[in-house]
Every structure is written in structure tokens, then in C-alpha cells.
Amino acid sequence: MIPKKICGLETEYGITAPKSLGGDPTAAASFLISAYIGDDIKGISWDFTDEAPGNDARGFLDADALPPAVEPQLLNAVLTNGGRYYVDHAHPEYSTPECLNVKEALLYDKAGETILTLSMENSKKLLPPGEEIVVYKNNSDGKNNSYGCHENYLVSRATPFSQFVDYLIPHLVTRQVYTGAGKIGTEGLNRTNDGKTIFQISQRADFFEAAVGLETTIRRPILNTRDEPHSDKSQYRRLHIITGDANLAEVATFLKMGTTAVVLQLIEEGVLSHLALDMESPVQDIQGISRDISLKYRLKLKNGKSITALEIQWLYLEEAKKYHSQYGLDAVGEDDLATEILQRWEYVLTALEDDIYSLSKQLDWVAKLQIVNAFCERHKTDLFDPNVAAIDLQYHDMRQDKSIFQRLNMETLLRRQDVENAVADPPETTRAYFRGECLKRYPGEVRSVNWDSVLFEVDRGPLQKVPMNEPLRGSKKYIGDLLDKSPTARDLLYNLQN
Amino acid sequence: MAERELKKHSASSHSENTATEEDVAVSTEKGDKLKAEIDDILDEIDEVLEENAEEFVRGYVQKGGE
């Protein structure tokens, strides 16, 4: 059976540290998170016992691969919305809770932006006058350093990993035409040194060096093979996707995750195998596509043909529509959600062919490009102007008064009140509900949590672990009544056993 | 088959381009509105852009992540 596309997003934010913190980004990230976390849950830690980012989905150990180290000594906080907020490699990172579908993941990603903004405001009050910590939701500093926005999707272990290699990579390489966040200049191994500069579609494309691999920090692969399901290993994989740009535009995040969830279901159903999408050089192509805003870049297929990113996207969409009309896309979500994804996907591909600027209220890269062009025209300047580079950076500034994105009046898909609620309340649809509610109801008795367990310590008795191997159990439907019947953690543990 | 479908898409997205005078008037009006909106945004950007853009951009250095 194809599992529901339970999903989530992890975003590393760029950060600038004030003088009083020695300009140290790690200290600033810790300070930022501490300033946000309430005292009641400050002592609850993340449980690292089962973390193993070195396991490879291909089923072998790559002796040369260097998986990222787990850093338990750095600040790790859990949130009552079921998410995680922590310091990762000198960046503050927010991970959404597990969400039932992509719309919910978008909601919790946006709640994360609010959390980071509140953290900045709180920390400003604690710092010396005139100092502040500033965070940016982007993926590059323009100086060859990149940090990620990772997506996670639950997929069936019964699907051979090679199927994802064959049929997901072409999607990951080409979806940037609507998921890109836009960037001025080129970076990475293939940066240009011809004295010219360009506006490119994606922040991230420059940083990929391999098609498939385990690493996320060096030799970054288009398809990451980390095999750490945080759930029943015999049934599931958690596909960890690292190519995406961090989006501010709601439509862009919705499409990034929506189309990917659809493609994953199609792969698991085995209906894409007739498509000839074998790419000759995906690393070269992910950069080639990003660097051509005319969208005319043609990539070579192994069968000798050449094709544009948009044409590949149309092929996926046609397959999705065909499948959806016959069988539905129930792993992706209710039918109105699947329909919304397919309709928006088609709308965006059509508009990208006709006039990219018609999408300036929907897509980050188009919105940024339009403003950059208009600025250059008004001030008779070009992409080398530091003011233009400042626009590129300030588009992603999380300070409301400095953010350029906030001024662009982009299309929204969420109600503001829902985002506000998602800052503190977990989704009711997955095991994140159990995690978040335990933190809200029994903060004094929760010792630590992980994605797949909650560890209790009641009245200094023995530690008791409640496992959560099934991502859909622990939802309000499963556990809401039981929680309501349990005024204390002791009651809860008793009721769970009986 | 794939190529045929692609042509069909291109055709369908461009085929209804027999614009009437009314359409042109509407699109000019829309264009003017858009231009006015972008002008307003540019005014705001001129105000919020970091004062010393060069130093600001140079100073934004991150450690690689993930």
C-alpha cells in the first residue's frame, strides 16, 4: 500500500550576530532560540539515541561519505506545535512537525517564520541597546556558502530506491522553474569568472556536485540517500530532499511540495516507467536551467533527444492528470487538495511559457527579478550595484520593517489566524499532535522527545518511553479522548497501558 | 507521443491571442496599474534598503550548513 504523503520542512536560516556575542553565529543562534523558548519547556531535550544520519538508503555503507555529525551539545528545543527548533552548524534551524499533507506543511513552515520573527524581537530586548540578531530565510550568502531547506516525505519501503533515482531526479532538476527563490551571481565549483554577472532562478542549484549520495554538506547530491525513517523501518522510508530553495511565497512552497508528493505517488504506483527521462548530466543541467531565465535551456537525455525543463514538467503533469482522473491521488490528500495542486501546476507552467511576469505575485524568483529590473531601470544601474545585491539579500530579511518580500503583496493560500495558531498548536492529524499536546499538558514530566518517541519521568520514577513508530497514530482522532481523560502524565501512562 | 502532447500545450496556451480593442484597453489599464504599484514598492525599497549597501552585503558571510 502507498502510504499517505506525511511530510515536513526543515529550514536553516541565515543569521548575523551582534558585537556583544562576538559576531559568533553559533552563539547568536543559541541566544535567539533561548530568547524564544518558554521556561516551562526549556529543560526538555531532544533525544538523540536513535539518530543515525549515516545510514544509506541504497543499503550499503559508502566508506568515503561523510554524513553530518549529530550535535547534541548545541541547543535543541522542542516546540508545543510538535516541531523542533535548534542550532545546526551555526544556523538556527526550524523543523515543522510531521504534517498530513503539503498544505499543512506550508502552514507550519509559515508558522516557523513567525517563530523566527518573534525570536528576533525577544532577543533584541535582551541585547545591549542598538544591537540585534537578524535572520534571513535564504540559502546562500553569495560567497560560496550554502545552507539548506530540506523536505521530507513518507514513502513505501517496498519501492526500490532506484525508482526514485530514475524518476525523481528529473523532477528535482526541473521543478526549480517555479520553486526558485532567485539570486544574483554564480557560486560553487562552476561559478563563472568572465567578469559578467547574471540573475539566476535558484539559490541552491550552484551547490550540487553529484546525482546521488549520502552527504548534505559537501559534494551535495541532487538525490540524498540518508535512510533514517524515524518510523517503522520495515514499512517506510523518509525521503530526504535537499535541492529545494527556501521559499517565502506560499504558492511556491505549496507547489514545491505538492508536485513532489504527486510525483512520489506516481513513482510508487509504478506508472512513470514508460517515460524516457534519463538525463545525460543532471548536475550540469540543474545549473544550466537555473542560469537561463528565458527558460530555453535544453538538457540532453540519454536517448539522444534534448528537452527543456518546462517540457519535462508538462510530461509529469500529464501523467499526474491522467492518473488522477482514473484513480485519484489519495496518498497526496483529499481530492480537492490533489485537484488544487494539479490546477495550480498547470496554471504556472502555462504562465511560465506565456509571460513569466504574470507570476510576480506567485513565485519568489519572478517577484525578485521584477523588482531588481525595475530598480535598475529607475536608478540607471546594473546587477553589479551593491544596492541590487542588498535587494537580493533583503528580500529574505525576516525583520518586518526591512523585508522586501513583505512589501510585495504576494498571493496567499493560508488564513493568517491559522498561521498564528500553528505557532503553538500541533497539527491534529499526525503523531505530532501527541508530542505537542504532551509538551503543553505535562511539561514537568516530559524528559525528552524524538520524532518517534516521548520519554516521561514521573515523580522521579523510572523513565518511561512511549514509542510512536506509526506517523498517523497519535493524531487527535486516535488519542484526543485519552489525553482529555488524563489530567496528569501518570494518568496518561496508566491509560495508555490499559 | 510526448512531443505531440507538448505541441498541443504550446498551441493551446497561445491560440486564443486574437485580441480585441477592448482587450488592449484592459491590458493597458492593467499595465499602468502594475507600473504604479511597482513604483510605490520602489519608493519603499529606497527607504528600507540598508544605508551602506556595500558594507552590508560584504558583511553577510555565513558558514555552510546542513
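The values are calculated or read from the model by the stated rules, or taken from the named source; none is laboratory data. Everything quoted here is computed from the prediction, not taken from an experiment. Cβ coordinates were reconstructed from backbone atoms using ideal geometry, including for glycine residues, and neighbour counts include every protein chain displayed. Just so you know, the surface numbers come from the protein's heavy atoms only, side chains and all, with ligands and any DNA or RNA stripped out. Shrake-Rupley method; radii C 1.70, N 1.55, O 1.52, S 1.80 Å.
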Roughly how large is the A-B contact in terms of buried accessible area, totalled over both chains, probe 1.4 Å, nearest 100 Å²?
3800 Å²
Residue A:407 - accessible surface, heavy atoms, 1.4 Å probe, Å² rounded to 10
50 Å²
Over chain A, give the accessible area per residue in Å² for a 1.4 Å probe, as an integer.
37 Å²
Share of accessible surface on carbon and sulfur in the stretch A:277-415, whole %, 1.4 Å probe and ligands ignored, is 47 percent
Calculated FRET efficiency for the pair residue A:322/residue A:126, C-beta based, R₀ 56 Å, to 0.05
0.50
Taking θ as phi - 60°, what are the ³J(HN,Hα) couplings along the stretch A:458-472 by the Karplus curve (6.51, -1.76, 1.60), each to the nearest whole Hz, with x for Gly and Pro?
10, 6, 6, x, x, 5, 10, 9, 9, x, 9, 6, 10, x, 8
Around residue A:279, which amide H atoms from residues at least 5 apart in sequence, or from another chain, sit under 5 Å from its own amide H, with H modelled in the peptide plane?
A:302
Taking a 28 Å limit on the Cα-Cα distance, which of the listed pairs A:380/B:33; A:110/A:477; A:103/A:361; A:322/B:33; A:124/B:33; A:5/A:42 fall beyond it?
A:322/B:33; A:124/B:33; A:5/A:42
Given a 1.4 Å probe, show me the residues in the stretch A:110-141 buried by at least 10 Å² of accessible surface when comparing the whole protein assembly to the chain alone.
A:136, A:141
Of every hundred units of 1.4 Å-probe accessible area on the stretch A:428-497, the number belonging to carbon and sulfur atoms, as a percent, is 46 percent
Could you give the nm distance between label points at residue A:402 and residue A:165, where each point is 7 Å from its Cα heading toward the beta carbon?
4.4 nm
Give me the residues in the stretch B:36-54 whose solvent-accessible area, probe 1.4 Å, is reduced by at least 20 Å² once all protein chains are included instead of the chain isolated.
B:37, B:38, B:41, B:42, B:44, B:45, B:46, B:48, B:49, B:50, B:53, B:54
Rounded, prolate or oblate: which fits chain A, taking a ≥ b ≥ c as square roots of the Cα gyration tensor eigenvalues, rounded meaning a/c under 1.5, else prolate when a/b beats b/c?
oblate
Pseudo-spin-label distance residue A:157 to residue A:469, built 7 Å along Cα→Cβ, given in nm, is 0.9 nm
Distance from the Cα centre of the stretch A:69-147 to that of the stretch A:150-198, in angstrom?
23 Å
Let me have the 222 nm mean residue ellipticity of the protein assembly as shown computed from DSSP H runs of 4+ only, each contributing -39500 (n - 2.57), with the sum over all residues rounded to the nearest 500.
-13500 deg cm²/dmol
With labels modelled as points extended 7 Å from the Cα through the Cβ direction, what inter-label distance (nm, one decimal) is found for residue B:55 paired with residue A:193?
3.1 nm
